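The values are calculated or read from the model by the stated rules, or taken from the named source; none is laboratory data. Because the structure is predicted, anything quoted here is derived from the model rather than measured. Cβ sites come from the backbone with ideal geometry, for glycine too, and all protein chains shown count toward neighbours.
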Amino acid sequence: MSWFVRPAEPADAEALVALARAVGSEPGGWLLTTSDWRSAADERRYLKAIRRFPHAAVYVAETDEGKLVGRLSVSRDQNPSSSHVADLGLMVAADWRRQGIGRALLDAAVDWARGAGVRKLELHVFPHNEAAMKLYEEFGFEREGYRKQHYRRSTGDYVDAILMAHAVPPSH
Ligand SMILES: CC(C)(COP(=O)(O)OP(=O)(O)OC[C@H]1O[C@@H](n2cnc3c(N)ncnc32)[C@H](O)[C@@H]1OP(=O)(O)O)[C@@H](O)C(=O)NCCC(=O)NCCS
């Protein structure tokens, strides 16, 4: 089955919340949020708000049957001194991994970054998430730091995170 990447629309909210809850509740603990991802109403509001907002974007991967199987969000740093940096988050549905969707969503983020004047993409990944780190490193992200107990999960546990970043190559 094939799939394609496109910008998210407010009507995607419910499916995206279901995707995030499914990925978040995997035993691997890949995401900070588990079942407490934002509500569909909040997701819809966010997707509506960013339609005309040049500082953030959400992309989805959709199958030819209309199922949403990937989500990437990217958001520019609010501080004027680092507004050339944007932070991203990524997830792909378990049944759809290892088909290039993660890489294609990162390509979309790089295209968005170029258009938005963003020169650097960054993200945090948990040290046990080898699949994600492999993808990011192969894509060109480099480790910039190890952040001890940087996040607190909703369960109350503090978790370490690796900071990775990718210089956005100029367009040809
Ligand atoms: C990490 C994640 C987004 C990767 O998405 P994906 O669509 O499977 O990635 P791709 O198919 O584009 O993989 C591209 C390359 O990354 C590497 N890679 C991806 N998953 C891997 C894995 N499980 N083991 C080893 N390498 C892996 C491979 O080099 C792969 O290329 P190949 O398949 O030709 O060998 C996906 O596993 C996921 O959503 N995981 C749960 C949520 C998560 O961890 N999000 C990131 C939080 S920081």
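Results, tabulated for the structure shown:
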{"item": "Filtered residue count, the stretch 61-120, keeping only those that are under 18 Å from H166 (Cβ atoms), among the charged types (D, E, K, R), touching a residue at least 40 places away in the same chain (Cβ under 8 Å) and within 12 Å of the ligand (Cβ to nearest atom)", "result": "1"}
{"item": "Pairs, first modelled with pLDDT under 95 in the stretch 41-53, second of a type in the set (K, R) and surrounded by fewer than 18 Cβ atoms within 10 Å (Cβ to Cβ), C-beta under 7 Å, six or more apart", "result": "none"}
{"item": "Yes/no for K120 being surrounded by 15 or more Cβ atoms within 10 Å (Cβ to Cβ) and basic (K, R)", "result": "yes"}
{"item": "Residues satisfying the stated conditions in the stretch 2-13, i.e. closer than 15 Å to A93 by Cβ, surrounded by fewer than 19 Cβ atoms within 10 Å (Cβ to Cβ) and among the acidic types (D, E)", "result": "none"}
{"item": "Filtered residues of the stretch 127-141 (kept if of a type in the set (F, W, Y) and either in contact with a Pro (Cβ under 8 Å, 6 or more places away or on another chain) or surrounded by 19 or more Cβ atoms within 10 Å (Cβ to Cβ) (or both))", "result": "Y136, F141"}
{"item": "Any hit, the stretch 137-144, residues being touching a Gly at 6+ places or on another chain (Cβ under 6 Å) and near the ligand (Cβ under 10 Å from one of its atoms)", "result": "no"}
{"item": "Residue under evaluation R152, criteria (1) within 23 Å of G24 (Cα to Cα); (2) touching a residue at least 12 places away in the same chain (Cβ under 8 Å), criterion not met", "result": "(2)"}
{"item": "Residue tally, condition part of a strand (DSSP E or B) and either over 26 Å from R51 (Cβ atoms) or among the aromatic types (F, W, Y) (or both), over the stretch 1-37", "result": "2"}
{"item": "Count of the stretch 41-83 residues which are under 26 Å from S2 (Cα atoms) and of a type outside the set (D, E, K, R)", "result": "14"}
{"item": "Residue, surrounded by the fewest Cβ atoms within 10 Å (Cβ to Cβ), within the stretch 14-34, restricted to residues that are farther than 19 Å from N129 by Cβ and within 16 Å of the ligand (Cβ to nearest atom)", "result": "A18"}
{"item": "Failed criterion for A61 (all others in (1) over 24 Å from E122 (Cβ atoms); (2) modelled with pLDDT of 95 or more hold)", "result": "(1)"}
